[in-house]
Amino acid sequence: MDAPLPVSWRHIDLVTSPQLSLIIRNITFEISIMTSPVLRSTLAAALLAALPALAHPAPGPGPGNIQQARLVEGSCTLPGFPDDVVHADRALRQRIDFTIGVDGRVKDARVSQPSGFPDYDRAMVQALSQCSYIPALRDGKPMELRSSRETVRSAGAGGAKP
């Protein structure tokens, strides 16, 4: 019978996040059933040696290791430009400021630069409020982030969607 892997689950649980601990357990299980005893011992030793780096990864580039929030594709549908703007082929500019919460939800959306079409401004605020984001991260932890969306349509550009 093969010797068990020299991995202390208590040690792994203490130095890693629950998600990382589960990943390590799954990798270790695969090692234990798919490899020879010599290779298994080598892989287990490498895994144990890597634990400190896995538990405390080196900081990434940039100040405070911040990753920007990213819109979840298909989470919301923005309204088309107002009919008056499209038919007259007019320019339009609008800016909406909002906060992306740690849960990825939009809050505090407000028009900071009106388009000149109050119904369109309200519709855009409503639509943006329905959007979902993968939240911004600081050092791997979700953080609240103030953001904005500027909608610009140039005269002669055609198109009914922002």
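The values are calculated or read from the model by the stated rules, or taken from the named source; none is laboratory data. What you see is a predicted model; the values in this text were computed from it and never measured. Ideal geometry is used to build each Cβ from the backbone, glycine not excepted, and the neighbour counts take in all protein chains shown.
Answer yes if at least one residue in segment 107-121 is in contact with a helix residue (DSSP H, G or I) (Cβ under 9 Å, 6 or more places away or on another chain), among the basic types (Lys, Arg), assigned to a strand (DSSP E or B) and under 19 Å from Cys76 (Cα atoms), and no otherwise.
yes
If you go through segment 99-126, how many residues are in contact with a Cys (Cβ under 7 Å, 6 or more places away or on another chain) and at pLDDT below 95? Show your work before the answer.
Filtering segment 99-126 down to residues in contact with a Cys (Cβ under 7 Å, 6 or more places away or on another chain) leaves 106.
Now narrow it down to the ones that are at pLDDT below 95: none.
Going through segment 99-126 one residue at a time, the tally reaches 0.
Considering only segment 139-149, I want to know if a residue exists there that is modelled with pLDDT under 95, in contact with a Gly (Cβ under 9 Å, 6 or more places away or on another chain) and more than 22 Å from Glu73 (Cα to Cα).
yes
Please find, within segment 129-154, the residue that is surrounded by the most Cβ atoms within 10 Å (Cβ to Cβ) out of those that are of a type in the set (D, E, K, R) and free of Cβ contacts under 8 Å to residues at least 60 places away in the same chain.
As a first pass, look at segment 129-154 and keep what is of a type in the set (D, E, K, R): 138-139, 141, 144, 146, 149-150, 153.
Filter again for free of Cβ contacts under 8 Å to residues at least 60 places away in the same chain, leaving 141, 144, 146, 149-150.
Numbers: Lys141: 10, Glu144: 14, Arg146: 10, Arg149: 17, Glu150: 12.
Only one residue tops the list, namely Arg149.
Counting only residues that are in a loop (DSSP other than H, G, I, E, B) and within 16 Å of His87 (Cβ to Cβ), which one in segment 150-162 is modelled with the highest pLDDT?
Ser154
Please go through segment 98-115 and give me each residue that is of a type outside the set (A, V, I, L, M, F, W, C), over 13 Å from Cys131 (Cα atoms) and either surrounded by 15 or more Cβ atoms within 10 Å (Cβ to Cβ) or not assigned by TED's automatic domain parsing to the domain that holds Ser147 (or both), ordered by number.
Within segment 98-115, just Ser115 meets the criteria.
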